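Q: Just passing along the structure, written as structure tokens.
The values are calculated or read from the model by the stated rules, or taken from the named source; none is laboratory data. Not measured: the values here are computed from a predicted model. A quick note on method: Cβ atoms are made from the backbone with ideal geometry, for glycine too, and the neighbour counts reach across all protein chains shown.
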Amino acid sequence: MTTEELFCRRAITSGFALIYWAGVFVQARRVRRHIGRAPNLKPRGAKEKLLWLGWLLVIAAWMGQGFLVKGGDASFWLRMPAGLLHPLGLVLGIALTLAGYAGTIWCYAIMGDAWRIGIDRSEKNSLVTRGPYRAVRHPIYLFQIVMLAGALLLLPTAVSALTLAVHLLCVLTKAVDEEKYLLTVHGETYRAYLARTGRLFPKFF
């Protein structure tokens, strides 16, 4: 792998991580202006605080790894085996990163002011079932997974794999909590929605 290719892999991974989370901040500010309060940014309860800690670790690893990865003399956690550095991985990594980011913007547009980060059980939001929500209940989490899979292809290290694993654990836990809450809000309407959609991936059968 050339120095130029390594720089490209590092820049795309860390650069898009920074762009993505800056976009989350902008989205939170936009929704706050429209609804007159924060979109449930403060974690409630021990479980949600642990989830926030997990996501902070994911964000830090996603953004920071590109600055730490070097050549073949890196530590185990940041070493990139030569066999995993195929040019196809670079192309697929870029494609997944772009697709995940574009999908997230799509979700923001569809959700509008119904977008939230945390759960406020006193709040009764409308149920969004258009666009990507027609087939998947948590497409924003899906598109985050797509971007992190792209990061794993771009920088195939133990840190990338661990980051993806921690993120999967966090989003699955959060998705289950959100579904329990939405069942209390929308009842049978949401139960029917559960039956025809997938949690993170479309339901084909």
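Q: Whether any residue in segment 73-86 is of a type in the set (A, V, I, L, M, F, W, C), assigned to a helix (DSSP H, G or I), free of Cβ contacts under 8 Å to residues at least 60 places away in the same chain and farther than 19 Å from Ile145 by Cα is what I want to check.
A: Scanning segment 73-86, I find no residue that is of a type in the set (A, V, I, L, M, F, W, C), assigned to a helix (DSSP H, G or I), free of Cβ contacts under 8 Å to residues at least 60 places away in the same chain and farther than 19 Å from Ile145 by Cα, so the answer is no.
Q: Let me ask something additional. Condition check: farther than 29 Å from Cys8 by Cβ and exposed (fewer than 14 other Cβ atoms within 10 Å of the Cβ). Does Ala175 satisfy that?
A: Answer is no for this residue.
Each row is one residue, and each column tells you yes or no for (1) touching a residue at least 40 places away in the same chain (Cβ under 8 Å); (2) assigned to a helix (DSSP H, G or I); (3) among the charged types (D, E, K, R).
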| site | (1), (2), (3) |
| --- | --- |
| Phe25 | no, yes, no |
| Val31 | yes, yes, no |
| Pro43 | yes, no, no |
| Ile59 | yes, yes, no |
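Q: Please work out which one of (1) surrounded by fewer than 15 Cβ atoms within 10 Å (Cβ to Cβ); (2) at pLDDT 95 or above; (3) under 18 Å from Met63 (Cβ atoms); (4) not polar (S, T, N, Q) is the condition His167 fails and give its number.
A: The one condition His167 does not meet is (1).
Q: What are the residues in segment 17-72 that are modelled with pLDDT of 90 or more and among the β-branched types (Val, Ile, Thr), if any?
A: Correct list: Ile19, Val24, Val26, Val31, Ile35, Val58, Ile59.
Q: A follow-up question, please. Considering only segment 181-203, I want to know if a residue exists there that is of a type in the set (Val, Ile, Thr) and in contact with a helix residue (DSSP H, G or I) (Cβ under 7 Å, 6 or more places away or on another chain).
A: The answer is no, given that none of the residues of segment 181-203 is of a type in the set (Val, Ile, Thr) and in contact with a helix residue (DSSP H, G or I) (Cβ under 7 Å, 6 or more places away or on another chain).
For every residue, the table says whether it meets (1) surrounded by fewer than 18 Cβ atoms within 10 Å (Cβ to Cβ); (2) without any contact (Cβ under 8 Å) to a residue 60 or more places away in the chain.
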| position | (1), (2) |
| --- | --- |
| Leu92 | yes, no |
| Ala99 | yes, yes |
| Trp106 | yes, yes |
| Ala109 | yes, yes |
| Lys124 | yes, no |
| Pro156 | no, no |
